[in-house]
Amino acid sequence: MSAPLYSWGRFPRTPQRGHGCIWLDELPGHLDKVIEAHRSSLPYGNGRSYGDSCLATSNQVLHMRSLDRLIDADWDDGVLTVEAGVTLAEVLTVSIPRGWFLPVTPGTQFATVGGAIANDVHGKNHHVRGTFGRHVRSFGLLRPGQPGITCSPDANASLFSASIGGLGLTGIIHWAQLQLMPIRASQIDTTTVRFANLAEFFALSDELDEKHEYSVAWVDCLAKGADTGRGVFIVGDHAPYGSLDVGRRTKLSVPLTPPVSLINSLSLGVFNTLYWRLHPSQRRLGRSDYEPFFYPLDRVLHWNRIYGRRGFQQYQCVIPTANAEAAMAELLRAIAHAGQGSFLAVLKRCGDVRSPGLLSFPMPGTSLALDFPHSEQLENVLFPRLDAIVRAAGGRLYPAKDAHMSGADFRQAYPAWERLEALRDPSLMSRFWSRVLS
Ligand SMILES: Cc1cc2nc3c(=O)[nH]c(=O)nc-3n(C[C@H](O)[C@H](O)[C@H](O)COP(=O)(O)OP(=O)(O)OC[C@H]3O[C@@H](n4cnc5c(N)ncnc54)[C@H](O)[C@@H]3O)c2cc1C
């Protein structure tokens with residue numbers, strides 16, 4: 001039997017049994033058999049969601065990763081059709097040498113295309129290109145006991161919209177057609193500068209976001225007082241010349257899971273301070289390969305193991321523009337006061353490009369994301385405090401990262417949930433959905 005599957009945060013620790021199949025035409029029969037045997041299931045891509053959105057209530061998931069073939073490519077127009085288990089890394093391996101890049105990519109290239117659609121993922125260029133779902137031309141959707149259907153903005157449009165950010169609940173996406181973005185080089189021209197506080201972050205973002213394709217900041221989540229919100233701001237654009245090389249950096253790996261988390265306030269404090277000090281106070285221009293720019297964490301395989309057997313949780317929220325600066329300051333003060341957080345918290349402006357998805361996470365505003373080792377103190381003290389700040393500021397949490405949000409908060413923040421529930425296939429149920437609807 002294959003090894004049990006988990007979500008990336010390994011919390012909640014509910015092992016899933018993966019049912020995979022090798023060929024696309026076997027999938028309908030395979031899906032029906034799994035549902036017949038276990039009554040309920042859920043598609044599972046590559047388990048890069050942190051919380052419980054990729055975990056089935058039945059603990060029996062349809063593992064899509066082995067459906068990993070390219071189906072069709074039009075390299076004149078950058079239109080690529082793939083099986084849904086293809087990873088973003090696999091897309092880039094074939095597209096970069098031909099001068100095409102993913103128009104939207106999250107911070108890991110190990111997500112599958114199906115998973116990227118089902119969470120309607122966003123990247124460092126949300127302010128320019130919106131979410132992944134905007135660049136999906138069509139996909140095939142399979143529901144148990146029914147023939148597959150093609151969904152696009154013009155065909156089965158309500159299922160198209162509900163499945164983008166649909167958390168795998170509307171059916172199994174088995175293939176997808178993507179519109180890629182032309183590039184001349186795979187390197188990224190960057191400008192890096194550190195900022196001393198949140199006000200400086202917002203000023204830099206106001207000035208630089210509109211001039212650059214990519215924009216992101218790393219924040220020292222332990223800095224207090226006048227240093228609250230200090231960090232490093234990075235903007236980038238695809239280089240106008242260079243090579244179309246695909247990343248082939250050797251990967252390091254964390255070989256085993258230690259019994260307890262290696263992340264503590266001492267290691268965090270030292271790392272965050274050093275990271276901040278090592279970056280320039282004046283703007284520095286540079287050129288980076290695309291992998292370290294987009295996917296710094298992918299360099300270390302199984303890095304999630306450093307959080308130990310209890311796992312970890314990511315907290316990612318977005319706060320609407322009008323309240324963003326005040327709420328971010330409050331959130332960062334609460335986190336620094338608790339002395340918890342991740343090596344690098346990610347702060348980023350989201351733009352107003354609308355997603356076709358019903359339950360897409362981004363909204364015009366600012367998003368903060370950071371990891372915490374799992375503990376009772378986190379669940380009972382810090383998260384409720386952070387949730388209260390997000391709620392009061394009219395913000396919301398990201399289902400792809402979540403393992404704790406209350407049903408009331410979810411339903412308040414995502415009023416379209418009822419439309420998704422109406423289109424959910426009754427035999428597909430995740431731990432996330434059953435938690436936030438109860
Ligand atoms: C290091 C790291 C950085 C990240 N950075 C970002 C970021 O910058 N932006 C961002 O938005 N996200 C980010 N993420 C989250 C990640 O991109 C998403 O959770 C992504 O959806 C994971 O894809 P997956 O293939 O692993 O899907 P899984 O995690 O296995 O599943 C995710 C959801 O998709 C559904 N699903 C999977 N396959 C299918 C299918 N074929 N058909 C229908 N539904 C399906 C599942 O049921 C589940 O609800 C990051 C994650 C990591 C680990």
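A few points about this structure:
- Kirkwood radius and radius of gyration were both taken over the C-alpha atoms of the range 289-334, and their ratio Rg/Rh is 1.13.
- Just so you know, the Cα atoms of the range 188-413 work out to an Rg and Dmax of 17.7, 52 Å.
- Value of Rg/Rh across the range 70-183 [Cα atoms, Kirkwood radius]: 0.95
- Computed helical MRE - 222 nm, the chain, DSSP H runs ≥ 4 contributing -39500 (n - 2.57), nearest 500: -7500 deg cm²/dmol
- Amide proton proximity set for Leu244, modelled H, under 5 Å, gap of 5+: Ser186
- Screening the chain for whole DSSP H helices of 24 Å or more along their axis (Cα) with average Kyte-Doolittle hydropathy at least 0.0 returns 321-338.
- Most mobile of Arg424, Arg299, Arg48 in a GNM of the chain (Cα contacts under 10 Å): Arg299
- Choice from Met181, Met328, Met64 with maximal GNM fluctuation in the chain (Cα, 10 Å cutoff): Met181
- Prolate/oblate/rounded call for the range 247-292, Cα gyration tensor, a/c under 1.5 rounded: oblate
- Extension gain for the segment Leu266 to Ser2, taken as residue separation times 0.36 nm less the Cα-Cα distance, is 91.2 nm to one decimal.
- Solvent-accessible heavy-atom area per residue, rounded to whole Å², over the chain at 1.4 Å: 40 Å²
- Residues whose placed amide H lies under 5 Å from that of Trp100, excluding near-sequence neighbours: Ile183
- Inter-site label distance for Arg283 and Ala408 at 7 Å from Cα along Cβ, in nm: 4.7 nm
- Charge tally for Gly29 (other residues, Cβ to Cβ under 15 Å; Lys, Arg +1; Asp, Glu -1): -2.
- Accessible area of the range 17-63 belonging to carbon and sulfur atoms, whole % at 1.4 Å probe: 48 percent
- Using a Förster distance of 41 Å, the FRET efficiency for Ala416-Ser66 (Cβ separation, nearest 0.05): 0.80
- For the range 1-106, the dipole from Cβ point charges (+1 on Lys and Arg, -1 on Asp and Glu) about the Cα centre works out to 720 debye, to the nearest 20.
- Other residues within the sphere of radius under 13 Å centred on the Cβ of Cys151, judged by their own Cβ, net out at +1 (K and R +1, D and E -1).
- Alpha-carbon spread of the chain, three principal axes, descending order, Å: 60, 52, 43
- Convex hull (Cα only) mean projected area of the range 34-104, reported in nm² to one decimal: 5.8 nm²
- Relative to its Kirkwood radius, the Cα radius of gyration of the range 249-351 gives an Rg/Rh of 0.99.
- Calculated FRET efficiency for the pair Thr14/Asp245, C-beta based, R₀ 35 Å, to 0.05: 0.30
- Close amide H pairs (under 5 Å, H built 1.01 Å from N) link Leu62 with His19, Leu42, Tyr44, residues at least 5 positions away or on another chain.
- Distance between the range 178-220 and the range 308-351 - C-alpha centres, whole angstrom: 19 Å
- Net +/- balance of residues flanking Ser253 in space, Cβ distance below 15 Å, scoring K and R +1, D and E -1: +3
- FRET efficiency for the Asp227 to Val381 pair, using the beta carbon distance and R₀ = 22 Å, is estimated at 0.40.
- Under Karplus coefficients 6.51, -1.76 and 1.60, residue-wise ³J(HN,Hα) of the range 346-355 in Hz, glycine/proline x: 10, 10, 7, 6, 9, x, 10, 6, 6, 8
- Calculated from the alpha-carbon coordinates, the range 17-63 shows an Rg and a Dmax of 10.7, 31 Å respectively.
The values are calculated or read from the model by the stated rules, or taken from the named source; none is laboratory data. Since this is a predicted model, take the numbers as computed values, not measurements. Backbone-built Cβ (ideal geometry, glycine too); neighbour counts: all protein chains shown. Accessible surface is based on the protein model in full, side chains and every heavy atom, while ligands, DNA and RNA are left aside. Shrake-Rupley method; radii C 1.70, N 1.55, O 1.52, S 1.80 Å.
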